[in-house]
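Asks: Here it is, the structure, as structure tokens.
Derivation of every value follows stated rules applied to the coordinates shown; laboratory data play no part. Predicted model only: the values in this text are computed from it and were never measured. No Cβ is skipped: glycine too gets one built from the backbone with ideal geometry, and neighbour counts run over all protein chains shown.
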Amino acid sequence: MLNVALPKGRLGEKVYAMFEAAGYPCPSIKENTRKLIFENEEKQVRYFWVKPSDVSIYVERGAADIGVAGKDILLEYEPDVYELLDLDLGKCRMAVAGPKNFYDDGEKTLKVATKFTNIAANYYNSIGRDIDIIKLNGSIEIAPILGLSDVIVDIVETGTTLKENDLEVKTDILPISARLIANKSSFKFKGEIIECVLKSIEEQVKKDD
Amino acid sequence: MIEEQILKSEEKAVFALRSLYKKYGYLPYKMSKFEEYELYIRNKDFLVSDRIITFNDTNGKLMALKPDVTLSIIKNSEDKKGEKQKVFYNENVYRVSKSTKNYKEIMQAGLECIGDIDLYDIFEAVKLAVNSLSLISDEFVLEISHLGILSAVLDDVCKDKLFQSQAIEFISQKNTHDLARLCENFEISTQKTDKLISFISTYGEREEVLKKLNCLCKSESIKELETLSAMLSKCEFSDKIIFDFSVVNDMSYYNGFVFKGFLSGICEGVLSGGQYDNLMQKMDRKSGAVGFALYLDLLEQLSKPKKDYDVDVLLIYKDSDDKQKLAQKVNELINQGLSVSAQKSVPEKLRYKQKVEL
């Protein structure tokens, strides 16, 4: 049985469609229920919906053999997994944003509010800038407005939220997209089926290009 | 005589491994739980984590609870031309757990061969690694890589240190997409990029890998890999040994062969090892070395049939009962092959198959 962790939400639904097209359907998943686990005995596959930021944990710990997680989550938590494919979905970027009139003159410690403390720390470490990290769990955009921080490090999709809060992108850190990941041990013992899924999804990604 | 069914997976493994290693002339190595802290500070990159439990000894010396066994074995070995020291151990080490961020006691078993080593010793270590895994479970895989080949491939693509360190990370993740982007950033030709991608996509059955490898790069190390593979093909479980160049142990310590073992049902590698001549050199030693460690605490994850009860018989007696009679009854039941818990009342948390009153 191949266990697949899918991120709840629109991205997960798109990814499921790819698995379905790859020959691993599970029709019951489309029924409107509150169930989280769906199994297709015949195809030997089991899907489950989990919080997007938890997918990598399920895969690293082997509760799921494969799963789909954003590159942001993989860089933040650095799970020990194989990253087999860039799905080219859920594309956005990790960026530094701040008030339009803010300029970092490097005179004092930069206050950075973010959900992604590891990514922010690694980025500023790579450019040798001294920072104070403020870990927030949501509504990051208001931190610079209220003076809690100078800038934020966050995911930017269209930039609308930033604009509405009078913020702008100062620097792009890196592009983000959804990745197919696999547990290292599962890859040894269920390699055949994982490679089969991988190949089909890879073809679908190429076709969409 | 200990009944086998009562032993936990890790306890069973300890006995079986000890007998296996002794057969090949590896001697038991018993060490103290403590080591001078200085040893670890000098080689802290070799350790999984640099956080170590320290304390002052009675003479004021700063000591550490061992986070690692290999460094101590190296420290206490000697360089003698033509000689090899072969030892095995079964020790607890103290490391910070990745998940809880607290210190954890980890049971490790393993072996080290230090001295004038050659390909035979490496073969022997790999063979013992495979046999060790086979003693624990039928479903296992040992993957082998050769860092000499990886270095040769990377040097051919780009010698930049930053490139190589990032490339190695992507190789360990089998991440071809980010590796391709990295090559693009470093303006590496498409031909070389494709070669590198083919290299990391080459894994699995040994003969297949060797065939493809010969088209991808030229390196002395390939010959070593071929010889090792030929030697292994005559051994038991040969089909469970694969080549996979995503096994990347720290290259400043390891060189040559590295390997990793997996058991079905355990989410991470349970065995890790390789040739560590670089570490020996860093410790100002002339000898070579090869060894591996098995993380026995992970064996807890192997599923065992669930028991529906804790004891077969719950034997209830009263304060006024004759204790000699009670002892006799307990003995009687045990002699029938049953497990017995003698109690005055029914304990809240004890699950029993059958309740008997004296």
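Asks: Have a look at the protein assembly as shown and give its Rg and Dmax from the Cα atoms, expressed in angstrom.
Replies: Final numbers for Rg and Dmax: 28.0, 91 Å.
Asks: Against the longest principal axis of chain B, how steep is helix B:206-216, in degrees 0 to 90 to the nearest 10, with axes from Cα atoms?
Replies: So the helix axis and the longest Cα principal axis differ by about 20 degrees.
Asks: Right, here's the next one. Provide the percentage of antiparallel DSSP beta bridges, counting only those with both residues in chain B; round to the nearest 5. Write out the running numbers ahead of the final one.
Replies: Details: 46 of 60 bridges.
Among the beta bridges of chain B, antiparallel pairing accounts for roughly 75 percent.
Asks: Of A:LYS8/A:LYS71; B:LYS23/B:LYS211; B:LYS22/B:LYS260; B:LYS44/B:LYS66; A:LYS8/B:LYS306, which sit over 24 Å apart, Cα to Cα?
Replies: Over 24 Å Cα-Cα: B:LYS23/B:LYS211; A:LYS8/B:LYS306.
Asks: Each label point is 7 Å from the Cα along the Cα-to-Cβ direction; what then is the distance between the points at A:THR33 and A:GLU195, in nm?
Replies: 3.5 nm
Asks: What does DSSP give for chain A in terms of the percent of beta bridges that are antiparallel, rounded to the nearest 5?
Replies: 60 percent
Asks: Please count, across the range B:311-357, the pairs of lysine residues with Cα atoms under 16 Å apart that sit 8 or more places apart or on different chains.
Replies: 8
Asks: How much net charge surrounds B:ARG51 when only the other residues with a Cβ under 13 Å from the Cβ of B:ARG51 are counted, with Lys and Arg +1 and Asp and Glu -1?
Replies: Values: positive: B:LYS44, B:ARG95, B:LYS98, B:LYS101, B:LYS104; negative: B:ASP50, B:ASP68.
Spelling it out: positives minus negatives among the neighbours equals +3.
Asks: Using the Cβ atoms and a cut-off under 13 Å, what net charge is assigned to the surroundings of B:TYR352, where Lys and Arg are +1 and Asp and Glu are -1?
Replies: In short, 0.
Asks: Then there's this: May I ask for log10 I(q)/I(0) of the range B:252-358 at q = 0.19 Å⁻¹, from a Debye sum over the Cα atoms as equal point scatterers with solvent left out?
Replies: The computed values of log10 I(q)/I(0) come out as -0.96.
Asks: PRE reach from A:ASP166 (point 7 Å along Cα→Cβ): which of the range A:94-114 fall under 18 Å by backbone N?
Replies: Counting backbone N atoms under 18 Å from the label point, the list is A:97-104.
Asks: What is the Cα radius of gyration of chain A over 2.2 N^0.38 Å, N being its residue count?
Replies: Working: Rg = 19.4 Å, N = 209, 2.2 N^0.38 = 16.8 Å.
So the Cα radius of gyration is 1.16 times the expected 2.2 N^0.38 Å.
Asks: Give me the aspartates and glutamates in straight-line cross-link reach of B:LYS86: C-alpha distance below 14 Å, same-chain residues under 8 apart excluded.
Replies: Of all the aspartates and glutamates, those that pass the test against B:LYS86 - Cα under 14 Å, at least 8 places apart if same chain - are B:GLU78, B:GLU112, B:ASP116, B:ASP118, B:ASP121, B:GLU124.
Asks: Would you work out the relative contact order for chain B, in percent, from Cα pairs under 8 angstrom that are 6 or more residues apart?
Replies: Worked out over chain B, it gives 17 percent.
Asks: In nm, what is the difference between 0.36 nm times the number of residues separating A:GLU20 and A:ASP88 and their Cα-Cα distance? Show your work: numbers first, answer last.
Replies: On the way: separation 68, 0.36 × 68 = 24.48 nm, distance 1.74 nm.
Full extension of this stretch gives 22.7 nm more.
Asks: In addition: For A:LYS207 and A:ARG10 in the same chain, what is the full-extension length gain: residue separation times 0.36 nm, less their Cα-Cα distance, in nm?
Replies: Roughly 68.9 nm would be gained on extension.
Asks: In the neighborhood of B:LEU179, defined by Cβ-to-Cβ distances under 12 Å, what is the net charge if each Lys or Arg adds +1 and each Asp or Glu adds -1?
Replies: -2
Asks: Sticking with this structure for a sec: Can you tell me the relative contact order of chain A? Whole percent, Cα pairs under 8 Å, sequence separation 6 or more.
Replies: Over chain A, the number comes to 28 percent.
Asks: Excluding same-chain residues fewer than 8 positions from B:LYS212, which aspartates and glutamates have a Cα within less than 20 Å of its Cα?
Replies: Reachable aspartates and glutamates: A:GLU192, A:GLU195, B:GLU143, B:ASP155, B:ASP156, B:ASP194, B:GLU220, B:GLU224, B:GLU226, B:ASP239, B:ASP244.
Asks: For the protein assembly as shown, what is the charge dipole size about the Cα centre, in debye to the nearest 20, if Lys and Arg each add +1 at the Cβ and Asp and Glu each add -1 at the Cβ? Don't skip to the end; give the middle numbers.
Replies: Details: 79 positive and 91 negative charges, 256 e Å.
Roughly 1240 debye for the protein assembly as shown.
Asks: Under 14 Å from the 7 Å Cα→Cβ point of B:LYS80, by amide nitrogen: which residues of the range B:98-116?
Replies: B:114-116
Asks: Just to confirm my numbers, what's the Cα centroid distance between the range B:134-189 and the range A:98-133 in Å?
Replies: Cα centres, the range B:134-189 to the range A:98-133: 31 Å.
Asks: Can I ask one more? I want to verify the translational diffusion coefficient of the range B:311-357 in µm²/s; compute it with Stokes-Einstein, Rh as the Kirkwood radius over Cα pairs, at 20 °C and 1.002 mPa s.
Replies: 199 µm²/s
Asks: Once you have a ≥ b ≥ c as the square roots of the Cα gyration tensor eigenvalues for chain B, tell me rounded if a/c is under 1.5, and otherwise prolate or oblate according to whether a/b is larger than b/c.
Replies: prolate
Asks: Counting each DSSP H run of 4 or more residues in chain B as -39500 (n - 2.57), what helix-only mean residue ellipticity at 222 nm follows after dividing by all residues, to the nearest 500 deg cm²/dmol?
Replies: Value at 222 nm, helices only, nearest 500: -11500 deg cm²/dmol.
Asks: Roughly what % antiparallel, to the nearest 5, for the DSSP beta bridges in the protein assembly as shown?
Replies: 70 percent
Asks: With the crude spin-label approximation of a point 7 Å out along Cα→Cβ, what separation in nm comes out for B:SER99 versus B:LYS304?
Replies: 1.8 nm
Asks: Please work out the FRET efficiency for the pair A:GLU41 and B:SER189, using the Cβ-Cβ distance as r and a Förster radius of 56 Å; give the result to the nearest 0.05.
Replies: In this case the efficiency is close to 0.70.
Asks: In whole angstrom, note down how far apart the Cα centers of the range B:247-268 and the range B:1-74 are.
Replies: Cα centroid to Cα centroid, the span is 19 Å.
Asks: I've got another one for you. Angle check, please: helix A:10-21 long axis (alpha carbons) against the longest principal axis of chain A (alpha carbons), in degrees 0 to 90, nearest 10.
Replies: Approximately 30 degrees, to the nearest 10.
Asks: Going by a ≥ b ≥ c, the root eigenvalues of the Cα gyration tensor, does the range A:106-209 fall in the rounded group (a/c under 1.5), the prolate group (a/b larger than b/c) or the oblate group?
Replies: prolate
Asks: Report, in degrees rounded to the nearest 10, the 0 to 90 angle that the Cα long axis of helix B:190-200 makes with the longest principal axis of chain B.
Replies: 20 degrees
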